[in-house]
Structures are given as structure tokens and as C-alpha cells.
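Scroll down for the structure; my scribbles are underneath it.
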Amino acid sequence: MTDDEAIQAATAAQNPNPNVNTAPPVLPKEVEGWLKTISPGMFDNYKQMESVWNHPAAQFSVTLVRDPAFRGAISEINQKFQKNMVLGYEITWVILIWTLRAWRLSKAGTWLTRLWVQAWVSMVFWWGTFFLIPWLLWGKAYQTVLATVVRAIIHQFWA
């Protein structure tokens, strides 16, 4: 057996499906720019890139990054982001929820009522944390991000 035949046999043994194209995936320009800004030099090795590219989370991210509305909304949120304002809103929200929870629990007479109060106050807290406060801070840009993420999730699992 010659060296060329041995190389071909080893390649065939490593690749169970010889009809599969082993060329590196072609990334859209937006995705390349996004990956380079996140961690320059991380994707220089093809094998590492191939394992990351085939992951469902990477495909989900690519779906998001390809959408120009998503990229615009993220950049708008980045421009409007003020750490102290976000922190102030969140601290105020936590104190408001603590006060609401203490007031409602003081009126609850049974353990079942206490469980119900804890459940609905927790739901109000998480709704305010993930939807109300960001909407107050970033408005339409946050709505665009949420809509794009929901569309990408639907595309990832049901398309």
C-alpha cells in the first residue's frame, strides 16, 4: 500500500459518509464580524469552528445576527444603556415587590393563601424584571429584540 492509498483509506475511515462536503462552512459577513468582535482569533482553527458551527445555539445566534433589525436594536440599547439607571430601576422594583409581598402576606391567614401570594407576587416580580423595566428603559428597541428572539426560537424549533 502506498502513502496516498493509506491517506485515502484513513480519510475514508474517519469520514463515515464520503458524500458529505468537508469544506469549512461559509459564514455570512455579518456573522464573521460578530464572531471577530466577540473573541478575535478564537475561530482560526477549522475543527474548532466546525464543532461550534453545527451546534443549535450557534445556528440560533446566526439567525439573530443575520437580522438587521436585531442588530440595530442591540446597538440602540447599547447606546442608551446606563448602568446606574438600570441598577436604580431594579433596586426600586425589588423594594416595591418586597413591600407588596410583606403587605399581602400579613393579610394571608392560611398556608394555602400564603403559597398563592408567594406565587402571584413572584410572577409579577419576574414579569417586571424581564419586560416592564427594560421596556421603560429602552422602549421600541427592546420590543424589537424580544420579537426577533421569539421569531428565531420559532424558526429554530418549528421550521
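Worth a mention:
- In sequence order, segment 109-123 has phi-based couplings of x, 10, 5, 5, 5, 4, 4, 4, 4, 4, 5, 6, 5, 5, 5 Hz under the Karplus curve 6.51 cos²θ - 1.76 cosθ + 1.60, θ = phi - 60°, and Gly or Pro positions carry x.
- Once divided by 2.2 N^0.38 Å, the Cα radius of gyration of segment 73-119 becomes 1.77.
- Packing order of peptides 73-80, 52-59, 140-147, highest average first: 140-147, 73-80, 52-59 (average count of other Cβ atoms within 10 Å over each peptide's residues).
- Net charge of the neighbourhood of Arg114, taken over other residues with C-beta under 14 Å away and scored Lys/Arg +1, Asp/Glu -1, is +3.
- Working ranking of peptides 112-118, 62-68 by packing, defined as the average number of other Cβ atoms within 10 Å per residue, highest first, is 62-68, 112-118.
Coordinate-derived values only; no laboratory data. These figures come from a predicted structure and were not determined experimentally. With ideal geometry, Cβ positions are generated from the backbone for all residues, glycine too; neighbour counts draw on all protein chains shown.
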